[in-house]
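Novice: I'd like to ask some things about the structure below.
No lab work stands behind these numbers, since they all come straight from the coordinates. Just so it is clear, the structure is predicted and the values come from calculations on it, not from any experiment. We place every Cβ from the backbone using ideal geometry, glycine too, and count neighbours over all the protein chains shown.
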Amino acid sequence: MSTEFDQKLQTYADLIVKVGLNVQPGQRLLIARASIPSAPLIREIAKAAYKAGARFVDVMWGDEQLQLIRLQHAPRDSFAEYPTWHVHGKLEYLERSDALLGSFIIPSLMKMPPAILRWGRHISSACWAAKA
């Protein structure tokens, strides 16, 4: 038996897939930087995408706590490092006109000093620069 919350989650996932992403039959969907606590919603999005005709749904999980640990403890000069396979994987989806859903705001990190938050924007810029 499904709860009211489960039904709302499913409705939200359907809205994301059909309206937000407009997933078409045969398209692939990449969900990037999905947080661990969002797993129930991510699963519903995957179901909705397959029902909409998605050929393949792939999820790249992200752990906010590990990102926070890196921001707090890694050498500052290492923040420019980003695995190229991440960039190439996302570019492959974009070049094929597949659907891409990403979470780029991490609420728990919003309490961090501005200098550390700039690291996230730097990574996003690196992804776009790799395409150029």
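Novice: Within the range 14-44, find all residues whose amide N lies under 20 Å from a label point positioned 7 Å from the Cα of TRP85 along Cα-to-beta-carbon.
Specialist: Only 29-35 pass the distance filter.
Novice: Given H placed 1.01 Å from N in the peptide plane, which residues other than close sequence neighbours of ALA32 have an amide H under 5 Å from its amide H?
Specialist: Under 5 Å from the amide H of ALA32 lie the amide H atoms of MET60, LEU101, GLY102, SER103, each far enough along the sequence or on another chain.
Novice: Still on this model: Consider all pairwise Cα distances in the range 1-108 and report the whole-number % of them above 15 Å.
Specialist: Values: 3895 of 5778 pairs.
More than 15 Å apart: 67 percent of the Cα pairs in the range 1-108.
Novice: Follow-up question, since we're still on this one. For GLN27, enumerate residues with amide H under 5 Å from its amide H, sequence gap 5+ or separate chain, H modeled in the peptide plane.
Specialist: Under 5 Å from the amide H of GLN27: ARG55.
Novice: What are the ³J(HN,Hα) couplings of the range 80-86, residue after residue, when phi is run through the Karplus curve with 6.51, -1.76, 1.60 and θ = phi - 60°? Round to Hz, x for glycine and proline.
Specialist: 7, 7, 8, x, 5, 5, 4
Novice: Work out the FRET efficiency for GLN7 and GLN65 from their Cβ-Cβ distance, taking R0 = 35 Å, and round it to the nearest 0.05. Could the numbers behind the result be given before it?
Specialist: Working: r = 30 Å, r/R0 = 0.86.
That gives a FRET efficiency of 0.70.
Novice: Using 1/(1 + (r/R0)^6) with R0 = 25 angstrom and r between the beta carbons of ARG43 and ASP77, what's the FRET efficiency to the nearest 0.05?
Specialist: Values: r = 38 Å, r/R0 = 1.53.
Rounded to the nearest 0.05, the efficiency is 0.05.
Novice: Between GLU92 and ASP58, what length in nm is gained on full extension when 0.36 nm per residue of separation is reduced by their alpha carbon distance?
Specialist: Gain on extension, GLU92 to ASP58, equals 11.0 nm.
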